[in-house]
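**Q** This structure is in structure tokens; I'll ask about it shortly.
The values are calculated or read from the model by the stated rules, or taken from the named source; none is laboratory data. Please read all numbers here as calculations on a predicted model, not as lab measurements. Cβ sites come from the backbone with ideal geometry, for glycine too, and all protein chains shown count toward neighbours. Heavy atoms of the whole protein, side chains included, go into the accessibility calculation; ligands, DNA and RNA do not. Shrake-Rupley method; radii C 1.70, N 1.55, O 1.52, S 1.80 Å.
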Amino acid sequence: WASGKNRRPTAEERVPGIIREVYSNITGTTILSLTQHPSYPASPSLREKIRVGFEAPKNVSSNYGQRMHGFIKPPQTGSYTFWISSDDNGQLWLSTDEQPSNIRMIAEVTNWTSPREWEKYARQKSAPVFLEQDRLYYISALMKQGTGGDNLAVGWKLPDGTSDMPVSGQYL
């Protein structure tokens, strides 16, 4: 759970979508610039739910960071591949279950990509990850923006070979 408390979300909290938290007025372009800032993670400047899919608004601002996080519910059992697209830097984290304490980084962007540019760097694509149908898994994407254009999106390929780029809101 994002609060660090060991509890399951209630039925009301399970509205489809992903939480987006924005941290304004943070210079630098690295994820460390975000995660070491005093406002992170407890005091975002903005908190909203994105219901359409796993993609943040584009070209929003400069010198900020963001975290998109919540739960993903796979529609099939099998191996999934994930991608992250971001500007300037981004990291994609996935838990082995619904507990944030079991999270591990599975993909990253160490420079920048254009919006929905999925194949620029080898490390922005995860190794195959085995997930079980209808189980909840905690997922988190971090992005740090300096100046210029900005974007963040996460996509996946399902076990049957279907690509969902970015991940549709129905699975979040």
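**Q** Which entries in the list Lys120/Lys157; Lys125/Lys157; Lys73/Lys144 go over 22 Å, if you measure between the two C-alpha atoms of each?
**A** Flagged as over cut-off: Lys73/Lys144.
**Q** Still on this structure, please answer the following. Identify all aspartates and glutamates with a Cα-Cα distance to Lys58 below 14 Å; exclude those on the same chain that are fewer than 8 residues away in sequence.
**A** Within reach: Asp87, Asp88, Glu117, Asp150.
**Q** With a 1.4 Å probe and every protein chain left in place, work out the accessible area per residue of region 40-172 in Å², rounded to a whole number.
**A** With all protein chains present, region 40-172 gives 43 Å² per residue.
**Q** In whole angstrom, how far apart do the alpha carbon centroids of region 35-60 and region 132-172 sit?
**A** Computed from Cα coordinates, the inter-centre distance equals 14 Å.
**Q** When the helices in the chain are scored as -39500 (n - 2.57) per DSSP H run of 4 or longer and the sum is shared across all residues, what 222 nm value do you end up with, to the nearest 500 deg cm²/dmol?
**A** Roughly -500 deg cm²/dmol at 222 nm, from the helical runs in the chain.
**Q** Can you give the accessible area of Tyr40 in Å² (nearest 10), computed on protein heavy atoms with a 1.4 Å probe?
**A** Solvent-accessible area, nearest 10 Å²: 40 Å².
**Q** Continuing with this model, one more query. If you roll a 1.4 Å probe over the chain with all protein chains in place, what percent of the accessible area is carbon or sulfur?
**A** 48
**Q** Another question, then. Quick one: longest stretch of the chain between exposed loop GluC sites (Glu not before Pro), exposed meaning at most 13 other C-beta atoms within 10 Å and loop per DSSP?
**A** 14-118
**Q** While we're on this one: At a probe radius of 1.4 Å, what is the per-residue accessible area of Lys125, in Å² to the nearest 10?
**A** For Lys125, solvent-accessible area is about 100 Å².
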